[in-house]
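Colleague: Just passing along the structure, written as structure tokens.
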Amino acid sequence: MLQTTQLDAVTQYRMARTIFGRDLYNVAAYYVDGLLIDTGFHYLAEQFFQAVQEKNVEQIVNTHFHEDHIGANYLFEQRRGLQAFAHPLAIPLIENPPAKLKIYRAVVWGVPAPAHPQVIGATLTTAKHSFQVLHLPGHSQDHLGLYEPMQGWLFSGDLFLSVKVRALRFDEDILATMHSLRRVIALPLRFLFCGSGKIIEPPQELLKKKLRFYEDVQHRVAALHQKGWEPEKIRDAVLGKEGVWPWMSQGEFSKLNLVKAFLSCRPPKSC
């Protein structure tokens, strides 16, 4: 599935792999004024590449190295001579993607072909717009966003998925995520363009709710830990018992990961 939506001068390409008539997981790329932000995933790389041929793509930015954001990079390199821009930490990971992925990632997105991005600078300009490049780590250490202050646009990658995300990926930094949320909450924003396909107008209240949710979990975890509770018991009390995510992700996502992430930060004020 690949759907196109227009909002202001921004074109969204929302895509998902469809199996047995069901869309597995939505991701989105965005085009504005010659700039393409992310390139989707391997299984739809050719379809996506063909879909954007109607646009005059002059620059590409990857918000981070995950396989659902870099899938068509290699096609733009091979056929258009366009190398994406990315955070320095992302470059070796995009140049040398893993040969194998966890089963759920291989089924939903597929292993990306190697590509050769360039280091992004502090700003990025197009004919009509100037974007500030914001390092917003947490979801990954190389994660960045593009902020256009004149329009109030923030292309935020995977900084915001939903308000109450109770499971954490094993390699996410929850403390960095909270810091990144505080940073973007302080910005005058009109639209948040999310890597999941959500477009939020205005986004501040939802961003604040997400931050408050994490702060509440943080303090509840700390309080129960001081009582001597084990992480699994804290998880059940604060977040509920595990659902299907640990099984589906082969342990990469879990509620217990979120609890342990907060327990690794003491005292809580340092979070």
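Colleague: Taking the condition touching a residue at least 24 places away in the same chain (Cβ under 8 Å) and either β-branched (Val, Ile, Thr) or touching a strand residue (DSSP E or B) at 6+ places or on another chain (Cβ under 6 Å) (or both), does residue 221 pass?
Modeller: On the way: touching a residue at least 24 places away in the same chain (Cβ under 8 Å): yes; either β-branched (Val, Ile, Thr) or touching a strand residue (DSSP E or B) at 6+ places or on another chain (Cβ under 6 Å) (or both): yes.
In short, yes.
Colleague: Ok, one more. Scan the stretch 173-191 for residues that are part of a helix (DSSP H, G or I) and of a type in the set (Lys, Arg) and jot them down.
Modeller: Restricting attention to the stretch 173-191, the residues satisfying the condition of being part of a helix (DSSP H, G or I) are 174-185.
Within the stretch 173-191, 182, 183 qualify.
Colleague: Sort out which residues of the stretch 148-172 are part of a strand (DSSP E or B) and more than 15 Å from the chain's Cα centre (by Cα), and write them in order of number.
Modeller: To start, the set of residues in the stretch 148-172 that are part of a strand (DSSP E or B) comprises 148, 153-155, 168-169.
Passing the criteria: 148, 153.
Colleague: Scan the stretch 75-102 residue by residue and report those that are closer than 26 Å to residue 247 by Cβ and exposed (fewer than 13 other Cβ atoms within 10 Å of the Cβ).
Modeller: First, the residues of the stretch 75-102 that are closer than 26 Å to residue 247 by Cβ: 97-102.
If the condition is that a residue be closer than 26 Å to residue 247 by Cβ and exposed (fewer than 13 other Cβ atoms within 10 Å of the Cβ), then 98, 99, 100 are the ones that fit.
Colleague: Among 242, 252, which is the only one that is under 30 Å from residue 17 (Cα atoms) and touching a Phe, Trp or Tyr at 6+ places or on another chain (Cβ under 6 Å)?
Modeller: Numbers: 242 fails: touching a Phe, Trp or Tyr at 6+ places or on another chain (Cβ under 6 Å).
Sole residue among the options that is under 30 Å from residue 17 (Cα atoms) and touching a Phe, Trp or Tyr at 6+ places or on another chain (Cβ under 6 Å): 252.
Colleague: Return the only residue of 254, 249 being at pLDDT below 95, within 24 Å of residue 171 (Cβ to Cβ) and either in contact with a Ser or Thr (Cβ under 8 Å, 6 or more places away or on another chain) or among the small types (Gly, Ala, Ser) (or both). Spell out how you get there, then give the answer.
Modeller: Working: 254 fails: at pLDDT below 95.
Step by step, each of 254, 249 is checked, and only 249 is at pLDDT below 95, within 24 Å of residue 171 (Cβ to Cβ) and either in contact with a Ser or Thr (Cβ under 8 Å, 6 or more places away or on another chain) or among the small types (Gly, Ala, Ser) (or both).
Colleague: Test of understanding: among 105, 14, which residue is buried (at least 18 other Cβ atoms within 10 Å of the Cβ), within 25 Å of residue 191 (Cβ to Cβ) and among the charged types (D, E, K, R)?
Modeller: Testing whether each residue is buried (at least 18 other Cβ atoms within 10 Å of the Cβ), within 25 Å of residue 191 (Cβ to Cβ) and among the charged types (D, E, K, R) leaves just 14.
Colleague: Within the stretch 127-142, does at least one residue satisfy the condition of being loosely packed, with under 14 Cβ neighbours inside 10 Å, in a strand (DSSP E or B) and of a type outside the set (Asp, Glu)?
Modeller: In the first step, residues of the stretch 127-142 are kept if they are loosely packed, with under 14 Cβ neighbours inside 10 Å; the result is 127-128, 130.
Filter once more, so that each one left must be in a strand (DSSP E or B): 130.
Filter again for of a type outside the set (Asp, Glu), leaving 130.
Looking through the stretch 127-142, at least one residue is loosely packed, with under 14 Cβ neighbours inside 10 Å, in a strand (DSSP E or B) and of a type outside the set (Asp, Glu).
Colleague: So residue 217 fits all but one of (1) surrounded by 17 or more Cβ atoms within 10 Å (Cβ to Cβ); (2) among the hydrophobic types (A, V, I, L, M, F, W, C); (3) under 19 Å from the mean Cα position of the chain (by Cα); what number is the exception?
Modeller: Of (1) surrounded by 17 or more Cβ atoms within 10 Å (Cβ to Cβ); (2) among the hydrophobic types (A, V, I, L, M, F, W, C); (3) under 19 Å from the mean Cα position of the chain (by Cα), only one is false for residue 217: (3).
Colleague: With the structure loaded, tell me whether residue 36 is surrounded by 24 or more Cβ atoms within 10 Å (Cβ to Cβ), out of contact with any Ser or Thr (no Cβ under 9 Å at 6 or more places or on another chain) and within 20 Å of residue 191 (Cα to Cα) or whether it fails that test. It would help to see each step written out before you state the result.
Modeller: Details: surrounded by 24 or more Cβ atoms within 10 Å (Cβ to Cβ): yes; out of contact with any Ser or Thr (no Cβ under 9 Å at 6 or more places or on another chain): yes; within 20 Å of residue 191 (Cα to Cα): yes.
Answer is yes for this residue.
Colleague: Oh, and also: Run down 58, 67, 148, 54 and say which single residue is among the charged types (D, E, K, R), more than 30 Å from residue 248 (Cα to Cα) and buried (at least 18 other Cβ atoms within 10 Å of the Cβ). Write out each step before concluding.
Modeller: Working: 58 fails: buried (at least 18 other Cβ atoms within 10 Å of the Cβ); 67 fails: more than 30 Å from residue 248 (Cα to Cα); 54 fails: buried (at least 18 other Cβ atoms within 10 Å of the Cβ).
It is 148.
Colleague: Sticking with this structure for a sec: So the check is Cβ under 9 Å with 6+ separation or different chains; which pairs have a first residue in the stretch 98-112 that's in a loop (DSSP other than H, G, I, E, B) and a second one that's of a type in the set (Phe, Trp, Tyr) and modelled with pLDDT of 90 or more?
Modeller: These pairs meet every condition: 101/109; 109/41; 109/43; 110/41; 110/43; 112/41; 112/74.
The values are calculated or read from the model by the stated rules, or taken from the named source; none is laboratory data. Quick caveat: nothing in here was measured; it's all calculated off a predicted structure. Quick reminder, even Gly has a Cβ in these numbers, built from the backbone with ideal geometry, and neighbours come from all protein chains shown.
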